[in-house]
Amino acid sequence: MSLVPLTLAISHYDHVTDLVNGRVPVEGVALTALGLQIEEIFFRQFTYGDFDCSEVSMAKYCSLVSQGNAPLVAIPVFPSRVPRHSSFYVRRDGPVKSPADLKGKRIGIPEWAQTASVYSRGLIAHQFGVDLTSIQWIQAGVDQPGRLEKVKLNLPKGINYTSKPDKSLSGMLVSGEIDVALSAHPPQCFEQGHPNVTRLFPDYLDVEMKYVKETGIYPIMHAVAFRREVVERNPWIAVNLFKAFDEARRRSVERALNNTSSVLPLPWGYEFAKRMQEIVGEDLMPYGIEKNRTTLEAFLQYAFEQGVCHRKLAPEDLFAASVQRSVKV
């Protein structure tokens, strides 16, 4: 049988390494893996459909599904997961000293439909108890002007949202035009050590680990999705790629827990991995629907409430039918 050619665009992660270098084959597939910058992958896939399969923004993908006739179909592989308390940047001399102070303030975001922004607003509304309609939302590029939304929004009544294509969040935070910047990537002013810019949660690691353990929400940033016609032409390909991703992840976790020699440039990397298992489970980066149901349901609730999703979705609505059940012997 001839192999089906498949292009896969994905960022570099240890838990996909054995897949992209061929150590874990995809049965029936001749895989061409492209290691590209995540912003380039998203832009090219959502704009032009350049790849047979790629890493995708969870929020943008869910938005497309909620609007019907989505050009992509995902498998429950989640290569990037990051809690987002760390993404709140404030002015030291500003009015925001605690989460409750976010009420009524000017908050900058890179995109309303950015996955990290959905989770951050979920924290504001559900963890901090602040009404999103009380906030003045300002959209702009993090460090460069010109960034725009990439999917159609269905903003709820009462949301005060303004786009500033000629501004950057970093510049507006320094000038005081905004009180807070929500950004997955630290704004340039913070990275360069501006004395008046800091995190709202300086001890974010402890805060985030407590949040994940108490809520069971282990934020999913990205999924993996095919162009729909690829799966329609070869329905078996979704399961085969999922199985290969999961095996590559399993091998990565095994390496991370090896205490003979650390695979990370950290002498106690394996010890940290063991502690993380106590918080997120033995898989460290679990794939599949059931192991991620709490997180998926929370995210879809936030995305619907915030107008990123145009209708309420269930986790099963997101993924190819063939990966939702497995054979039992």
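Miscellaneous remarks
- Over the stretch 85-215, the reciprocal of the mean inverse Cα-Cα separation, the Kirkwood hydrodynamic radius, stands at 14.8 Å.
- GNM result for the chain, Cα springs below 10 Å: residue of 169, 123, 296 fluctuating most strongly: 123
- In order along the stretch 141-158, phi translates into HN-Hα couplings of x, 5, 10, 10, x, x, 6, 10, 5, 10, 9, 6, 9, 10, 4, x, 4, x Hz, rounded to whole numbers, per the Karplus curve 6.51 cos²θ - 1.76 cosθ + 1.60 with θ = phi - 60° and x for Gly and Pro.
- In this structure, the residue pairs whose Cα-Cα separation is over 24 Å, taken from 164/210; 103/164; 210/291; 60/210; 157/291; 103/312, are 164/210; 60/210; 157/291; 103/312.
- Ordering of 191-200, 81-90 by packing [mean C-beta count within 10 Å, highest first]: 81-90, 191-200
- Gain on full extension, evaluated as 0.36 nm per residue between residue 43 and residue 103 minus their Cα-Cα distance, stands at 18.3 nm.
- Computed E for residue 155/residue 250 - FRET, C-beta separation, R0 56 angstrom, nearest 0.05: 0.85
- For the stretch 267-275, Karplus couplings with θ = phi - 60° (6.51, -1.76, 1.60), whole Hz, Gly/Pro x: x, 10, x, 5, 5, 5, 4, 5, 5
- Packing-based ranking of 99-112, 135-148 yields 99-112, 135-148, ordered from highest to lowest mean Cβ neighbour count within 10 Å.
- Where labels lie 7 Å past Cα in the beta-carbon direction, separation of residue 215 and residue 264 in nm: 2.3 nm
- Correct choice for semi-axes √(5λ) of the Cα gyration tensor in Å that was computed from the model, options (1) 34, 24, 19; (2) 53, 19, 16; (3) 42, 24, 19: (1)
- Mean residue ellipticity at 222 nm, helices only, the chain: -10000 deg cm²/dmol; runs of at least 4 DSSP H residues each add -39,500 (n - 2.57), and the sum is divided by the number of residues.
Read the figures in this text as sums done on the coordinates, not as results from a lab. In this text the structure is predicted, and so the values were computed from the model without any measurement. Backbone-built Cβ (ideal geometry, glycine too); neighbour counts: all protein chains shown.
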